[in-house]
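Take a look at the structure set out below.
Bear in mind that the values in this text are calculations on the coordinates, not laboratory data. Bear in mind the structure is a predicted one, so any value in this text is a computation, not a measurement. Note that we place each Cβ from the backbone using ideal geometry, even for glycine, and neighbour counts take in every protein chain shown.
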Amino acid sequence: MKILRDLESAEGRTAIVKDSGDFYEVYENGERILSVRKDFDVFEILADLGFDSVICDDIDHPEEMETVKSLIRKVKSSEGSEKCGAIAIFVGFVRRISDGKEVLRLEYERYDELYWKKLNEIVDRIKSYEGVVDVRIYHKIGSIKPGEDILYVIVMGENRKSVYKPLEDCVEMIKRELPIWKKEVYEDGAVWVHDKSSPR
């Protein structure tokens, strides 16, 4: 789901989100359809509801938002899904304790010019596995707190045997090849994970 500033780039089912104090008001086709309390993630809710684009102003937001549910819906509606009977899912989330230290948050950065090229290459490689029909990858960037999700990988195939190995290989490719950098932030400092002596 793309999160945009104006209607010019909107595509598919589109919601408009407006800040109204303690709530976000959500509109579709000019009608208010939902009020969401600010202690909930309005973008995550809209991704789950099947929106393709969201328009908002004056609200801090990512460039995109997906959930496990929205990704599953997309693979199930993709070409070739009628011959499939299995979906394998990987969810990576922030651990609270790392190397004996309490983690306050992780901060992810990515090199956008290379990121999408590499991500598409990984998707194409996994799709070449026998029995695999579709693959979806969503990696958050920015600040992420303990317990919050970081990475979703969805692999759909003809049967259960055709999805396990591709899912495992996909996660390893993401770790090795995507131009994403992670900083662990603690109360007494921070460290870029690739600077640690221990492998991650």
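In table form, for the structure just shown:
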| item | result |
| --- | --- |
| From the C-alpha gyration tensor of the chain, square roots of 5λ in Å | 29, 26, 14 |
| Expected 222 nm ellipticity per residue - DSSP helices of 4 or more, -39500 (n - 2.57), all of the chain, to 500 | -7000 deg cm²/dmol |
| Residues with amide H under 5 Å from that of Val133, placed H, sequence gap 5 or more | Met156, Gly157, Glu158 |
| Fewest-first ranking of Tyr111, Tyr129, using other Cβ atoms within 10 Å as the exposure measure | Tyr111, Tyr129 |
| Length released on extending from Glu172 to Ala86, taking residue separation times 0.36 nm less the Cα-Cα span | 28.9 nm |
| The chain, relative contact order in percent, only Cα pairs under 8 angstrom and at least six apart counted | 20 |
| Highest-MSF residue in the chain out of Tyr108, Tyr186, Tyr164 [GNM, Cα springs under 10 Å] | Tyr186 |
| Order of Ile89, Ile154, Ile174 under a 10 Å beta carbon neighbour criterion, fewest first | Ile89, Ile174, Ile154 |
| Segment Ser35-Lys2, length gained on full extension (0.36 nm per residue, minus Cα span) | 9.9 nm |
| In segment 143-183, the GluC sites (Glu not before Pro) that fall in loop regions by DSSP, at most 11 other Cβ within 10 Å | none |
| Extended-chain gain in nm, criterion 0.36 nm per residue less alpha-carbon gap, Trp116 and Asp19 | 31.8 nm |
| For segment 2-56, alpha-carbon Rg relative to the globular expectation (2.2 N^0.38 Å, N residues) | 1.02 |
